[in-house]
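Only the coordinates and a few stated rules stand behind these numbers; no lab work does. None of the values given here were measured: they were computed from a predicted structure.
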């Protein structure tokens, strides 16, 4: 049983079980309220699922692609919660969860997952038909481009059905993690997929003060 969190677009939290599916889920599409709602969502999901934190085997977290501020709120919450209950963190590419949700809905054709990166850019990933275990097979991405640059960036663009993701379901992300583990699939790396530098950076050297 997993607690799953994704803040790559809005905020989504779920409790999932490999055999029983999604037990509880909360979500908002608001891209500015991650820090305000995530704690309440965790508490509500555990309560609705009637699951004690100690019964969880791990915490699954979406690693993006997504903006710096939103992603770091979810990742920090997942790391803190997992540390508090003495459980590991498993990391999943957020676009993979969108592709997995398409598979769970019975759509098994190749897809192009696109999400808003702001600043007139989009994040994108492409997926072939699922593998023998019913898991998404990422072909390209995640990557960043302007909307009108997809034709140049995506190989064989016309072969993919486009999915514009307005949310990433923590339920789908958690069930993907539950499915990946028994089949020995590799989880995402520890580095978040910001794909661009944060707006605020430290100065290379302090300014000299003259009087």
- [ ] Mind checking the full-extension length gain between residue 36 and residue 140? Use 0.36 nm per residue of separation minus the Cα-Cα distance, one decimal, nm.
- [x] 34.0 nm
Task: Extension gain from residue 54 to residue 186, taking 0.36 nm per residue of separation minus the Cα-Cα distance - done: 45.0 nm
- [ ] Express in nm, to one decimal, how much length is gained between residue 76 and residue 157 on full extension, taking 0.36 nm for each residue of separation and deducting their alpha carbon distance.
- [x] 25.6 nm
Open item on the list: Looking at the chain as a GNM with Cα springs under 10 Å, which of 182, 147, 192 has the largest mean-square fluctuation?
Closed with: 182
Open item on the list: Under 10 Å, Cα contacts only: if you run a Gaussian network model on the chain, which one of 21, 62, 184 comes out with the highest mean-square fluctuation?
Closed with: 184
